[in-house]
Amino acid sequence: MASLKLYALHCGGDMMDMALFDPFDPDTGTKVYNPYFMYVVTHPDGNLLFDSGAHPDLRTDPRSRLGDASADFELRLRPQDHIEQRLGAIGLMPRDIDVVVQSHLHFDHAGGLGWLTHAPILVQREELAFARKPPVYQELIYVQTDYGMDLDWRELEGDHDVFGDGRVNVIPTPGHTKGHQSLLVRLDRECVFLLADAAYLLAKMRSRSLPGILWSPDAVIASWDRIEEIERSERARLITTHALDYETSVKMAPDGWYE
Ligand SMILES: [Zn+2]
């Protein structure tokens, strides 16, 4: 069996009100550090990047990308959160990425695409349409310049087996956005389900407490049902991008990885 590894690359974050995670949380009104992540799966047939982090200019000149809305975001980006440096931490360059899967196209996930113009970008057809013409309530978090350049889009409609061997699978998990998707990775020793923003916090998913940003509550709940079904059948480890306890719950690269 071919050997796969999964690296979780922490790439900055922002200070966010607890209301984002659950508008009815008793700690609403308190700001918490909301981490960002990108992930690399090394497969014998190629290196896959799942999400691409926030654009590095958000560190130096957030206004250039977020406009007037930049004042609403307390970004916490470090020089080393640049996609080149994040990949460099595990010995890769953007050129070494053979295929990109974008969970969705919000600015904290899609800011690295400008470094990935050589690679096919797998996204749900619904997501691309949604991102190009976002509804007014998500307009601020879709930054058109993140994905407006010439990219090799591969528009998916439903599940997709990336390498054709059942090891790395795109699973649609709409709700947060219209075309959100997650990534199920069958590693050698365990199965990891990268949820991205299909859920922000696992505890909130378990209690079916809806987050502050979403497209459809019904789709969120249906995706949570499907995620838990897959969790049971695959005995999968669930990882969300914005886990507040990431320092203890996520094995972070370069010191840690999943295999
Ligand atoms: Zn996010």
- Message: One residue is enough: does segment 23-31 have a residue meeting the conditions away from the ligand (no atom under 15 Å from the Cβ), surrounded by fewer than 20 Cβ atoms within 10 Å (Cβ to Cβ), in contact (Cβ under 8 Å) with a residue 40 or more places away in the chain and within 18 Å of residue 138 (Cα to Cα)?
- Response: yes
- Message: Within segment 89-188, considering only helices (runs of 4 or more DSSP H) that don't extend past its boundaries, which have at least 2 residues that are more than 16 Å from the ligand (Cβ to nearest atom)?
- Response: 125-132, 144-147
- Query: Which condition breaks for residue 209 when tested against (1) in contact (Cβ under 8 Å) with a residue 60 or more places away in the chain; (2) within 16 Å of the ligand (Cβ to nearest atom); (3) among the small types (Gly, Ala, Ser)?
  - Reply: (2)
- Item | Number of the condition not met by residue 216 [criteria: (1) away from the ligand (no atom under 16 Å from the Cβ); (2) under 11 Å from residue 198 (Cβ atoms)] | (2)
- Restricting attention to segment 189-230, which residues are outside any loop (DSSP other than H, G, I, E, B) and β-branched (Val, Ile, Thr)? 192, 220, 221, 227, 230
- Note on the structure: In segment 231-259, anything in a loop (DSSP other than H, G, I, E, B) and closer than 27 Å to residue 31 by Cα is listed as 241, 242, 243, 244, 245, 250, 251, 253
- Message: I'd like to verify a number: residues in segment 8-53 that are in a strand (DSSP E or B), touching a Ser or Thr at 6+ places or on another chain (Cβ under 9 Å) and among the aliphatic types (A, V, I, L, M), how many?
- Response: 2
- First in segment 57-71 and acidic (Asp, Glu), second anywhere and surrounded by fewer than 15 Cβ atoms within 10 Å (Cβ to Cβ) and at pLDDT 90 or above, Cβ under 9 Å, 6 or more apart: 57/64
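The values are calculated or read from the model by the stated rules, or taken from the named source; none is laboratory data. As the structure is a prediction and not an experimental result, all values here were calculated from the model. Using ideal geometry, Cβ is built from the backbone for each residue, glycine included, and neighbour counts are taken over all protein chains shown.
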